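Have a look at the structure below, then the notes.
The values are calculated or read from the model by the stated rules, or taken from the named source; none is laboratory data. For clarity, every value in this text was computed on a predicted model and none was experimentally measured. Here the Cβ positions follow ideal geometry from the backbone for every residue, glycine too, while neighbour counts run over all protein chains shown.
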Amino acid sequence: MDTVESILKINNIEVKYHEVILVLKGVSIEVPRAGIVALLGANGAGKSTTLKAISGLLGTEDGEVTDGAIEYEGRLIHHERAANIARWGIVQVIEGRRVFEHLTVEENLKVGAHLRKTGSVKEGLELVYHYFPRLRQKRNETAGLVSGGEQQMTVVGRALMTEPKLVLLDEPSMGLAPMLIHEIFNIITKLNKEEHISILLVEQNAKLALNVAPYAYVMETGRIVMDDNSEKLSQNEDIKDFYLGLTDKGGKKSFRDVKHYKRRKRWLS
Amino acid sequence: MELFLMTITTGIMVGGIYALVALGWVLIYKCSGVLNLAMGELTLIGAYVTYSLYEAGLPFIVAVLGTLAVGIVLGFLCERIFLDKLIGEPILSVIMVTVGMSFFFKGVVQFIWGSDTRVFDPPVFSLHPIEIGFLRVSSVYLWSFILSIVLLLIFVAFFKYTRWGLSMQATADDETAALSLGVSARFVYAAAWAIAFMSAGVGGALLGNINGINISVGYLGLLVLPAVVLGGLNSVPGAIAGGIIIGLLQNLGGTYLDQYFPGGVKEIMPFAFMAVFLLFKPYGLWGWERIERV
C-alpha cells in the first residue's frame with residue numbers, strides 16, 4: 001500500500017451532525033491512484049457518511065468534519081464546497097439510484113457533463129454508451145421509468161460524464177438482480193482498468209466487494225476496525241463469520257448454530 | 001358569434017402575458033420549492049423599469065431588452081441578499097421572507113415612482129385595431145401576445161437545450177444528486193430568480209401598456225396564481241396552458257357573466273375555476289405526480 005502513490009488520503013477524521021451527534025470517530029482510509037478500495041460494514045456503520053465527507057455533501061445535511069483531514073491530490077478538501085470538489089474530479093454516486101426522474105436518460109448524462117467544455121460532451125456520451133450499450137437504446141426515455149438496472153447504469157454513466165479521477169460508489173448492487181449486479185460490476189472493473197479511474201466502493205455485499213477490490217477496510221460504528229488485502233480479509237475468521245456467512249470449515253452456515261450475540265468479535269477489545 | 005370570437009381572441013392574448021408571469025412563478029417553485037409571493041411586485045418593478053427607460057427616449061423594444069437586463073441583475077441581487085442565507089432552512093420561512101420582500105418592493109416602488117397612474121406616452125402601440133378577416137384585435141394585445149410567445153419559446157429552449165437549463169431541471173428533480181455532480185445550488189437559485197424577474201418584468205411592462213401602470217399591476221401578478229396552480233406548480237408547459245386558460249376565463253366571465261353578477265366576476269372567475277378544477281386534478285394539469293414504479 002505504501003509503495004503506490006495515493007490519490008486520496010483520509011486522516012483520522014471525525015464527523016459531527018448538527019454539532020452534537022458524533023458519527024465518525026477517527027476514520028483513516030487511503031485510496032491508491034487508479035486502484036479500487038472497498039469499504040465494508042453493516043447498516044449505520046458510517047460508510048455513506050464517510051463518502052459524503054469526501055464529496056462535500058455533508059454540508060447539505062448539517063454535518064461537518066470536525067477533526068482530521070482529507071487530502072486529495074495534495075489538496076485539503078474537507079472544508080470545501082461540493083461544487084468545487086466535483087470540479088476537481090471527485091464524484092459520488094449516491095446510493096439508491098437517484099436519477100433525475102423527469103429528464104430523459106441522455107439529459108441525465110448531459111447534466112453530468114455540465115462542467116465540461118462544449119465540444120467534448122458528445123465524446124463523453126459516446127464513452128458512456130460504449131461502456132453501457134443499453135443506455136444508447138434507452139437514451140430518449142424518461143429516466144424515472146426505465147428499469148432499476150438501467151437507472152443504476154444511468155447514474156454511473158452520469159458520474160462518468162464529469163470526467164472523474166475518483167468515483168465514490170455507494171452500494172451499486174442495492175436492490176438489483178444478481179445478473180445485473182454481475183454486469184454492472186464487470187463494467188466498473190473495466191472502467192477502472194481502461195480509464196484508470198480510482199474507485200472507493202461501499203458495499204454491504206462483502207463477497208462481491210472483496211472480489212472486485214484488492215484492498216478493503218471494515219467499518220463498525222464509526223470506526224475502521226480492520227484493513228487488509230482482500231485475500232487475507234476473506235480468510236479472516238471474523239469476516240467469514242460476520243460478513244461472508246461461512247463457518248470455520250468454509251461450508252454454508254447452519255442457522256441452528258448461529259448465536260451471534262454470544263460470539264465476541266475479536267477486533268473489539 | 002362575433003362577440004364570442006373576439007372575447008376568445010382577447011382572452012388568449014392576455015393569457016399569453018399571464019403565461020409569462022406564471023413562468024417565473026413556476027421556475028422558482030420548481031428549483032427551490034418556494035412559492036414566491038413577491039411575484040406581483042416583480043411584475044410591478046418590471047413595468048416601471050420599462051416605463052422609465054421608454055420615457056427616457058429609448059424605443060420600446062430596447063426598453064424591454066433593458067428590463068431583461070435589469071431583471072437579471074435584480075434577480076441575482078435578491079438571491080444573494082435575501083435568500084442565500086436561507087438555503088437549507090424550512091420552506092415556510094423562505095415563503096414568509098418573500099412576503100416581506102413583496103411589502104419592501106411595494107414601498108420602494110412607491111418611493112421612487114409615486115402612486116399616480118402612469119401611461120406610456122406616446123403610446124407604444126397604435127390605437128387602431130388590427131383586422132384579421134372579420135376579427136378586430138387591438139394591436140396592444142396582438143403585439144403583447146407575440147412578444148410573450150417569443151420570450152416563452154426562448155425560455156423553454158433554454159431549459160431543454162442548454163447545460164444551465166438542464167442543471168436547473170436536475171436540481172428541481174433531486175438537489176443532492178445534482179450537487180454531487182458539481183451543480184452549484186446557489187447558481188441555480190440565482191438563475192431561477194433572474195429568469196423569474198425577467199419574465200415577470202416583461203409581463204408587467206406589457207400589462208402596463210394595456211391598463212396603465214400603477215400599484216395594481218402588482219395585484220395582476222397575484223391573479224396569475226390560479227394559472228400556476230392550474231398548470232401544476234412545477235410544469236412549464238402547464239404554466240403556459242394555465243395562463244391562457246385564465247385569460248380566456250377572465251374575458252368570457254367579463255363578457256357574459258358581468259351582466260348577471262355586476263362587479264368583479266372577471267377577477268374571481270379564475271379563482272373559482274381553480275378551486276373546482278383542483279377537486280378533480282389535485283396535481284394540476286401537468287404537475288409532477290411522483291413517479292411510482294411497481
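Every residue, every condition in (1) at pLDDT 90 or above; (2) within 30 Å of B:Ser184 (Cα to Cα); (3) outside the structural domain of A:Asn108 (by TED's automatic domain parsing), yes or no:
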position: A:Arg158; (1), (2), (3): yes, yes, no
position: A:Ile187; (1), (2), (3): yes, yes, yes
position: A:Lys193; (1), (2), (3): yes, no, yes
position: A:Leu208; (1), (2), (3): no, no, yes
position: A:Tyr215; (1), (2), (3): yes, no, yes
position: A:Asp241; (1), (2), (3): no, no, yes
position: A:Leu246; (1), (2), (3): no, no, yes
position: A:Arg256; (1), (2), (3): no, no, yes
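Close contacts from the range B:169-180, counting a first residue that is at the interface with another protein chain (Cβ under 7 Å from one of its Cβ atoms) and a second that is among the basic types (Lys, Arg) and surrounded by fewer than 24 Cβ atoms within 10 Å (Cβ to Cβ), with Cβ to Cβ under 6 Å and a gap of 6+ residues or different chains, come to B:Asp174/A:Arg98; B:Ala177/A:Arg98.
Of all residues in the range B:153-167, those that are closer than 12 Å to A:Glu107 by Cα, hydrophobic (A, V, I, L, M, F, W, C) and more than 9 Å from chain A (Cβ to nearest Cβ) total 1. Residue under question is B:Val188, and the condition is that it be hydrophobic (A, V, I, L, M, F, W, C), within 14 Å of chain A (Cβ to nearest Cβ) and outside any helix (DSSP H, G or I); does it hold? The answer is no for B:Val188.
Counting only helices (runs of 4 or more DSSP H) that fall entirely inside the range A:39-130 and contain at least 2 residues that are of a type in the set (D, E, K, R) and closer than 18 Å to A:Leu169 by Cβ, the qualifying elements are A:47-55. Where residues in the range B:15-33 are in contact with a Ser or Thr (Cβ under 7 Å, 6 or more places away or on another chain) and over 13 Å from B:Ile195 (Cα atoms), which of them is surrounded by the fewest Cβ atoms within 10 Å (Cβ to Cβ)? The extreme case among them is B:Gly16.
Tell me yes or no: at least one residue of the range A:10-33 is without any contact (Cβ under 8 Å) to a residue 40 or more places away in the chain, among the hydrophobic types (A, V, I, L, M, F, W, C) and either surrounded by fewer than 17 Cβ atoms within 10 Å (Cβ to Cβ) or more than 30 Å from A:Ser234 (Cα to Cα) (or both). Walk me through it before giving the result.
Going through the range A:10-33, the residues without any contact (Cβ under 8 Å) to a residue 40 or more places away in the chain turn out to be A:20-21, A:30.
In the following step, the residues that additionally are among the hydrophobic types (A, V, I, L, M, F, W, C) were identified as A:20-21.
Pick out the ones that are also either surrounded by fewer than 17 Cβ atoms within 10 Å (Cβ to Cβ) or more than 30 Å from A:Ser234 (Cα to Cα) (or both) and you get A:20-21.
Yes.
Please go through the range A:57-80 and give me each residue that is without any contact (Cβ under 8 Å) to a residue 40 or more places away in the chain and at the interface with another protein chain (Cβ under 8 Å from one of its Cβ atoms), ordered by number. A:Leu57, A:Thr60 - these are the residues of the range A:57-80 that are without any contact (Cβ under 8 Å) to a residue 40 or more places away in the chain and at the interface with another protein chain (Cβ under 8 Å from one of its Cβ atoms). Restricting attention to the range A:111-152, which residues are within 11 Å of chain B (Cβ to nearest Cβ) and either crowded, with 23+ Cβ neighbours inside 10 Å or under 21 Å from A:Ile181 (Cβ atoms) (or both)? Hits for the range A:111-152 are A:Val111, A:Gly112, A:Ala113, A:Ala143, A:Val146, A:Ser147, A:Gly148, A:Gln151.
Exactly one residue among B:Phe76, B:Phe111, B:Phe4 is out of contact with any Asp or Glu (no Cβ under 6 Å at 6 or more places or on another chain), aromatic (Phe, Trp, Tyr) and either under 30 Å from B:Glu175 (Cβ atoms) or not in a helix (DSSP H, G or I) (or both), and that residue is B:Phe76.
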